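Notes to accompany the following structure.
The values are calculated or read from the model by the stated rules, or taken from the named source; none is laboratory data. Everything quoted here is computed from the prediction, not taken from an experiment. Reconstructed Cβ throughout: ideal geometry from the backbone, glycine too, with neighbour counts over all protein chains shown. The accessibility values were calculated without ligands, DNA or RNA, using every heavy atom of the protein model including side chains. Shrake-Rupley method; radii C 1.70, N 1.55, O 1.52, S 1.80 Å.
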Amino acid sequence: MILDATAGNRTMWKTKNDKDIIYLDIEKKLEIKPTIYTDNTNTPFLPEAFDTIVYDPPHMYGDKSSYYVHPDSKSFKEKWQGYGEIPRYYGGDKYKNQMELIVHIYKAQKEFHRIIKDDGLLWLKWNETCISLNRVLRLFENWFIMLVLPIKSPTQTAGTKKTYWICLKKEKVKVVRTTLL
């Protein structure tokens, strides 16, 4: 089972009707609706429910000009000619500052660690719009970085900002005994 927690990323929605993929998002105004509306920091799923999770979190904060400026395909196409058919929503309006976004990503990775199987993979997409990849990867406790893939396609990057796909494998948490009993 695959969980797609991509914050409205349209490239992931091409297989929307696949019974083995659950799409989640918290944003209710998306033109293409997710399978379930929920916060990816507190999901309704049982522990170890997923083999793979795909996560494309917001890469920015304090954004006042996100999806809501172009709520329909027509106005989006007029503004962003050649950049796709569907308005994109990046979630940058949800976080007032860098710390709010970092806290959200940290909580999300903790939840993903809970709901992914012991041998599961987390695919993280990151763009260095506001925060470096190294800073974000430090948030992923108990994950082994298997692959960092830089993306060169101009349709998947924000101008000169670097975009990456990172494959992380869940590490088992070592239980530390804190009492002698």
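Observations on the model:
- A crude spin-label estimate for the pair Trp165 and Lys107, with each label 7 Å from Cα along the Cβ direction, gives 2.9 nm.
- Chain lengthening between Asp51 and Leu137 when straightened (0.36 nm per residue, less Cα-Cα): 28.9 nm
- With all protein chains modelled, accessible area of Leu24 [1.4 Å, Å²]: 10
- Area accessible to solvent at Asp118, 1.4 Å probe radius, in Å²: 60
- Contour minus Cα-Cα distance for Met146 and Lys28 (0.36 nm per residue): 39.1 nm
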